[in-house]
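A.B. asks: Handing you this structure, nothing more for now.
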Amino acid sequence: MPPLRDTGADRNAEQPEYAGGYRLQACLGAGGMGVVHLAASASGLRLAVKVVHARYAEDPEFRARFRQEVAAARRVSGAFTAPVVDADPDAVRPWMATLYVPGPTLADQVKRNGPLAPAELRRLTAGLAEALRDIHRAGVVHRDLKPSNVLLTDTGPKVIDFGISRPVDSDLHTETGKLIGSPPFMAPEQFQRPREVGPAADVFALGSVLVHAATGHGPFDSDSPYIVAYQVVHDEPDLTGVPAELAPLVARCLAKDPGDRPTPAQIMSALLPPSYAAEAFIPAQRRRPALPYGEESGGGPGREKPGHAPAWDADTPVRPAARPESGRAAGPLCRHGPLHLDRL
């Protein structure tokens, strides 16, 4: 991976000083498509600002996708997402500012503290079903629901990163032979019929996310994304470790046929009456309190930086599943700035 270029006002700087009128104060994280920075609005709102890598800013297709991401994120209610505060997809370096949401991702929570307890899992199921209902009502298909795109907050889970989402009335389609997503959390139709992907694909991803939250691994597990793709299309999911009271519902979410999967509203109905045993999520014992705004962490590896830092790692093309192959790719990490992530 080539080193990130210098900070500054130059259009090619990978760590620019400003996005629009927002001064970028710290690097929260990065991935293949851009860098996420901490910033603040004039009124003091803490923001997470995505700035596209310079090399992609010159790509008209990527600009169209980024414009679509901004539109999709704006269409969805902020009750279940990080609300969009400002954006300029037509800037020299396209950027989008969303409200900074404190809290660990589901991926971090499971990695650091193990699988969720049954009551927490039930609450997560209900919260993500509500989020998907809201997203789908806005006419948007997320297409990349996964643990790193779920923030756990004291007001319930938040779904972030609409980078490959698609409004149902969009005329921007996936290219033939180029699949975009995160294989362990993609539905069979995303590999087989990517142009026909609809809301049911998000429900399949929800099933995979719930298995990960309950067990620490997915229902289709391999180091190779190509083997995972084959398993998603052809094999039955492994639900070992999923609580017995939720396993049948999770299995329905993971049905191969989109028509056999429940809708988010049906998932919510299946969870009635609600369980009051699960209180609002409070990040677990290893979470450290946030530092005063703008202060350097001074920490080293393993120190958690809670908050909203999308990973931008869902854009690796994946070939349609036909037979198992080997190989995997990893995106670049942001390694400098006063604040960084240990995991993206």
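A.B. asks: Full extension from residue 235 to residue 92: what is 0.36 nm times the residue separation minus their Cα-Cα distance, to one decimal in nm?
C.D. replies: Roughly 46.9 nm would be gained on extension.
A.B. asks: Rank 231, 205, 129 by how far each Cα sits towards the positive end of the charge dipole of region 106-270 (+1 on Lys, Arg Cβ; -1 on Asp, Glu Cβ) and give me just the farthest.
C.D. replies: The listed residue farthest towards the positive side: 129.
A.B. asks: Students often check this: by mean Cβ neighbours within 10 Å, which of 55-64, 25-34 ranks highest, and how do the rest follow? Could the numbers behind the result be given before it?
C.D. replies: Numbers: 55-64: 13.9, 25-34: 23.1.
Descending mean neighbour count gives 25-34, 55-64.
A.B. asks: Given R₀ = 56 Å, what would the calculated FRET efficiency be for residue 155 paired with residue 224, taking r from the Cβ atoms and rounding to 0.05?
C.D. replies: 0.90
A.B. asks: Further question: Around residue 41, with a cut-off of 13 angstrom between Cβ atoms, what is the net charge of the other residues, counting Lys and Arg +1 and Asp and Glu -1?
C.D. replies: +1
A.B. asks: Treat each spin label as a single point 7 Å out from the Cα along the C-beta direction, and report the residue 17 to residue 59 distance in nm.
C.D. replies: Placing both labels 7 Å along Cα→Cβ, they lie 2.9 nm apart.
A.B. asks: If I stretch the segment between residue 41 and residue 272 completely, what's the gain in nm (0.36 nm per residue apart, minus their alpha carbon distance), one decimal?
C.D. replies: Here the segment from residue 41 to residue 272 would lengthen by 79.1 nm.
A.B. asks: In what sequence, highest mean first, do 227-236, 143-152 appear when ranked by Cβ atoms within 10 angstrom?
C.D. replies: Output ranking for 227-236, 143-152: 143-152, 227-236.
A.B. asks: Still on this model: Mind jotting down the distance between the C-alpha centroids of region 194-231 and region 21-77, whole Å?
C.D. replies: Taking the Cα centre of each part, region 21-77 and region 194-231 sit 26 Å apart.
Every number in this text was worked out from the coordinates using simple rules, so none of it is lab data. Computed from a predicted model, the values in this text were never measured in an experiment. Don't worry about glycine lacking a Cβ; one is built from the backbone with ideal geometry, like all the others, and counts go over all protein chains shown.
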